[in-house]
Amino acid sequence: MKPSSLFSAGLRAALLLLPASAAATPTAGTFSILSMNVAGLPAILNSNDVPGDKVTNARTIGSKFAALGYDVIHVQEDFNYHSYIYETDTHPYRTATSGGVPFGSGLNTLSNFPYVGFARTKWATCSDASSNDCLTPKGFTFMRVLVSGSTDNDTAAYVDFYNLHADAGTEDGDNVARQSNINQVAAYIATWSVGNAVLVFGDTNSRYSRTVDTAIRGLLSSSTTALTDPWVELVRGGVVPTAETLCANPSTTSYCETVDKVFYRSSPLLALHATSFAYASNLFLQANGSVLSDHNPVQINLSWSTAATALRQSALSGGPTGTWFSDVPTLAGLAAKPKASVLSFRGASRLDSVGLTLTDGTKFAHGGTGGTAASLTLGASEYWVAARLCRGVKDSNTRNFYILATTSTGRTLAAGTATADCTDFDAPAGWQIVGFAGQSGDEVDQLSFVYAAR
């Protein structure tokens, strides 16, 4: 099975070369992902039962990443041979290493898509009962990936990507630590990914067939995460296995179960579907046929669409500080079609807060209480249809300094101080601005607009 990005990447590049008037905003697309534990522990500590020289193998892995063109790759155990993988890989967006053993987590991402908000989180619990899991700051990473955006930023499709490497082993201490690890990710999703589509993939060190590995089952059933495993969905007919079926390496079948897993969910903004699942073992072999890792790489192709969603989102403006927020879950739960009736901003030297009240009385407010308040009451047939955001730097962090809202009748409301770095956002034809998503604290650090049909 070939990754779909071999075809989609060229199409994306062609769209970006078109002028704004010629490149229609896409409402659907495809992308491919790969999860691979690259066996990058120092050879003196662990050979990973992989033949050959680890430097040579790392260079080979990087060259295969480049040749196969997966859109987003999560790697684990990317420790002391990281630079050799990056030396031969060509993905345009890549995370910087956090260091080799014992300083780094071994988690990195290579992407064809830009991302914001990248963060590393260390596990709260680790165990050395079976192996040296506490030797390095293992944990998970988060990034909000722009899988599609129009040339004018008016609409965008984001997916929250998580990469993880959970505690290994089957001793009691390992089991307790691993369940804590998975639950820690689930809690982070519930807070930071509210209202967003999500992809979680990496080395879970878990199997459904182990009765003690209850946390990964919880990812599927919990109402706060509500994730789907594409291996269960596409290969196992939707039935979570209870009998152990271990994989050979390289694996010649997708029916067996590995600890390397993928989970995903849609959102009210974006429908996400896995279309194929495979172990990519035969694509990651040395010239003599030997494996490059002691794990079978996992590849998934996915499709996404905003064509049938009742809500859409603009691109983000600002910088990745503050706490993530989203009005999407509230808007998606409304019984009637939303419409803004009052816009409420605060600002002075910078943009302190944004808010609005819907016709049904629902109120949204994000940011602090500083600055001067400004408000605008909309008429019954008047809609908020356009906005301008201007950015600046305060305390070494980029944030939003200014907002200008324009209604369908041409009336405006502004707050903050305009700068030379501004972006205009226009609701798609027949749509309106009804809410916000972004990051805020005492001020509005990062902001996007949520649209609904009029």
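The values are calculated or read from the model by the stated rules, or taken from the named source; none is laboratory data. Just so it is clear, the model here is predicted, and its values are computed rather than measured. For neighbour counting, all protein chains shown are included, and Cβ atoms are generated from backbone atoms with ideal geometry for every residue, glycine included. These accessible areas exclude ligands, DNA and RNA; they are computed on the full protein's heavy atoms, side chains included. Shrake-Rupley method; radii C 1.70, N 1.55, O 1.52, S 1.80 Å.
Sum up the lysine pairs in the chain that clear both bars: alpha-carbon distance under 28 Å and a spacing of 8 or more or different chains.
For the chain, qualifying lysine pairs total 14.
Assign unit charges at the C-beta atoms only (+1 for Lys and Arg, -1 for Asp and Glu), then state the dipole size of the chain relative to its Cα centre in Debye, rounded to the nearest 20.
Magnitude of the dipole: close to 1100 debye.
Please give the net charge around GLY371, taking every other residue with its beta carbon less than 15 angstrom from that of GLY371, where Lys and Arg add +1 and Asp and Glu add -1.
Its environment carries a net charge of 0.
Over the stretch 111-207, what is the percentage of antiparallel beta bridges among all DSSP beta bridges, to the nearest 5?
Of all bridge pairs located within the stretch 111-207, approximately 70 percent are antiparallel.
Using the scaling law 2.2 N^0.38 Å as the reference, what is the normalised Cα Rg of the stretch 322-454?
0.98
Taking the Cβ-Cβ separation of THR125 and ALA420 as r and a Förster radius of 45 Å, what is the calculated FRET efficiency to the nearest 0.05?
According to the calculation, E is roughly 0.40.
Can you give the direction-averaged projected area of the convex hull of the alpha-carbon atoms in the chain, in nm²?
With the hull built on Cα positions only, its mean projection is 22.0 nm².
Which percent of the accessible area of the chain is formed by carbon and sulfur heavy atoms (probe 1.4 angstrom)?
Carbon and sulfur: 54 percent of the exposed surface of the chain.
Quick check on the chain: of the DSSP beta bridges with both residues there, what percent are antiparallel, nearest 5%?
90
How big is the charge dipole of the stretch 375-454 about its Cα centre, in debye rounded to the nearest 20, if each Lys and Arg gets +1 on its Cβ and each Asp and Glu gets -1 on its Cβ?
180
Ranked highest first by the average count of other Cβ atoms within 10 Å around their residues, in what order do 399-405, 135-141, 375-381 fall?
Going by the mean number of other Cβ atoms within 10 Å, highest first, we get 399-405, 135-141, 375-381.
Picking from GLY333, ALA429, LEU219, whose Cα lies most toward the positive end of the charge dipole for the chain (charges on Cβ: Lys, Arg +1; Asp, Glu -1)?
Of the listed residues, the answer is ALA429.
Report THR191's accessible area, 1.4 Å probe, all protein chains in place, as a number in Å² to the nearest 10.
Ignoring ligands and nucleic acids, THR191 comes out at about 80 Å².
So what is the accessible area of the stretch 27-145 per residue, in Å², with the probe set to 1.4 Å?
Heavy-atom accessible area per residue stands at 37 Å².
How many angstrom lie between the C-alpha centres of the stretch 169-210 and the stretch 70-108?
21
Please sort through the DSSP H helices of the chain and keep those with an alpha-carbon extent of at least 20 Å along the long axis and a Kyte-Doolittle average not below 0.0.
54-68
If you place +1 on the Cβ of every Lys and Arg, -1 on the Cβ of every Asp and Glu, and leave all else neutral, what size is the dipole of the stretch 217-361 about its Cα centre, to the nearest 20 Debye?
It comes to approximately 560 debye.
For the chain, what does -39500 (n - 2.57) per DSSP helix run (n ≥ 4), summed and divided by total residues, give at 222 nm, in deg cm²/dmol to the nearest 500?
Estimated from H runs of four or more residues: -4500 deg cm²/dmol.
Give, as a single signed number, the net charge of other residues whose beta carbon lies under 15 Å from the beta carbon of TYR402, with Lys and Arg counted +1 and Asp and Glu -1.
Here the count lands on +1.
May I ask for the net charge around GLU244, where only other residues with Cβ less than 12 Å from the Cβ of GLU244 are counted and Lys, Arg are +1 while Asp, Glu are -1?
My count for the surroundings of GLU244 gives 0.
Give me the accessible area per residue for the stretch 321-454, probe 1.4 Å, as a whole number in Å².
Ligands and nucleic acids excluded, the figure is 40 Å² per residue.
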